[in-house]
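Worksheet: the structure to be examined is printed underneath.
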Amino acid sequence: MIAEYITWDVNPALIDSFITIRWYGLMFAIGFWLGFNVVAKMYKREGAPESWMSILLIYVGVATIVGARLGHVFFYQWDYYSAHPWKILATWEGGLASHGGAIGIIIAVILYSIFTTKRNPLWTFDRLTVAIALVGCLIRIGNLMNSEIFGHATTLPWGFKFVRSAEWHAMYEGVACHPTQIYEALCYLALFGLMMYMYWRRNAGERPGLLFGTFLVGTFGTRFLIEFIKNDQVAFEATMKYNMGQLLSIPFVLLGVFLIIWALTHKRIKIAYPNKFAPEPDKKKVK
């Protein structure tokens with residue numbers, strides 16, 4: 001006989017002894033490593049300098065963490081953090097917002113394009129967001145391992161009972177809930193597959209903005225819809241028709257639609273594919 005619901009009783013720590021390694025941090029690290037390799041293959045295919053990769057990793061790594069943290073601070077709990085500003089640095093206590101991370105990455109890529117590639121930022125966005133879709137999938141798996149960011153009560157047979165979550169016990173004791181982390185993870189994984197097909201099989205990188213626009217619509221459109229069955233992150237959202245996550249998603253979706261239309265209505269740019277990294281520029285010799 002098949003169990004009616006799934007009891008989710010997974011320890012959020014993979015190792016918890018003299019050192020602690022949490023699943024969430026591990027998924028984050030694996031995502032960055034895989035994403036780095038995905039983008040590196042694209043850079044190599046198009047003959048970009050290999051050194052651009054390490055510089056991009058620094059820009060994106062810092063922007064993701066800082067942006068996601070400040071996004072949570074300003075969008076969700078400004079009342080608390082404005083009264084306790086030293087707590088902003090306490091990232092180990094939780095509190096990261098994907099919309100803040102997205103804004104941070106956008107700023108970082110613009111700066112990276114100005115100071116490193118000297119190219120239109122869309123060139124980097126189109127390649128980087130393919131990898132970010134995969135990273136998003138793994139981060140949501142990390143949320144699942146933490147028994148956090150789950151949905152409303154459900155009678156569907158794949159409902160989860162998050163028995164390690166204090167929030168679940170307080171709100172839904174004994175009742176199964178939507179595993180919205182899995183819903184989002186699967187959507188992001190499908191988006192990653194679509195974008196990989198578009199880049200490698202359809203040469204979508206020759207239409208600047210198409211991949212970036214597809215990412216924005218796919219990621220934040222998914223987020224907007226799933227928020228309808230997801231629990232509010234903070235109390236003030238209970239009085240809102242659309243919660244903060246949905247309101248913040250709308251501008252990204254609109255920007256994505258604009259980019260897709262713009263990319264498809266402008267002339268395709270032909271790209272050479274040497275399939276090797278470009279030689280690094282010679283440094284001036286010091287006499």
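The values are calculated or read from the model by the stated rules, or taken from the named source; none is laboratory data. Bear in mind that the values here come from a model prediction, so they are computed numbers and not experimental data. Don't worry about glycine lacking a Cβ; one is built from the backbone with ideal geometry, like all the others, and counts go over all protein chains shown. Only protein heavy atoms, including side chains, enter the accessible area calculation; ligands, DNA and RNA are left aside. Shrake-Rupley method; radii C 1.70, N 1.55, O 1.52, S 1.80 Å.
Values computed for the structure shown
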read-out: Number of the condition not met by residue 186 [criteria: (1) over 30 Å from residue 47 (Cα atoms); (2) crowded, with 17+ Cβ neighbours inside 10 Å; (3) modelled with pLDDT of 95 or more]; value: (2)
read-out: Enumerated helices (runs of 4 or more DSSP H) restricted to region 120-239, each holding at least 1 residues that are polar (S, T, N, Q) and touching a helix residue (DSSP H, G or I) at 6+ places or on another chain (Cβ under 7 Å); value: 121-145, 180-200, 210-226
read-out: Only listed residue being outside any helix (DSSP H, G or I) and either under 24 Å from the mean Cα position of the chain (by Cα) or modelled with pLDDT of 95 or more (or both), chosen from 14, 26; value: 14
read-out: All positions within region 197-210 that are out of contact with any Lys or Arg (no Cβ under 8 Å at 6 or more places or on another chain), touching a residue at least 60 places away in the same chain (Cβ under 8 Å) and crowded, with 17+ Cβ neighbours inside 10 Å; value: 204, 208, 209, 210
read-out: Which listed residue is over 30 Å from residue 156 (Cα atoms), assigned to a helix (DSSP H, G or I) and touching a Ser or Thr at 6+ places or on another chain (Cβ under 8 Å), from 34, 56; value: 56
read-out: Those residues of region 116-167 which are on the phi > 0 side of the Ramachandran plot and either basic (Lys, Arg) or open to solvent by 30 Å² or more (accessible area, probe 1.4 Å) (or both), in sequence order; value: 118, 149
read-out: When residues of region 95-119 are limited to those that are in a loop (DSSP other than H, G, I, E, B) and touching a residue at least 24 places away in the same chain (Cβ under 8 Å), the one nearest to residue 205 (Cα to Cα); value: 97
read-out: Scan of region 49-60 for residues that are under 12 Å from residue 112 (Cβ atoms) and surrounded by 14 or more Cβ atoms within 10 Å (Cβ to Cβ), ordered by number; value: 52, 53, 55, 56, 57, 59, 60
read-out: Residues (open to solvent by 70 Å² or more (accessible area, probe 1.4 Å) and polar (S, T, N, Q)) located in region 243-273; value: 265
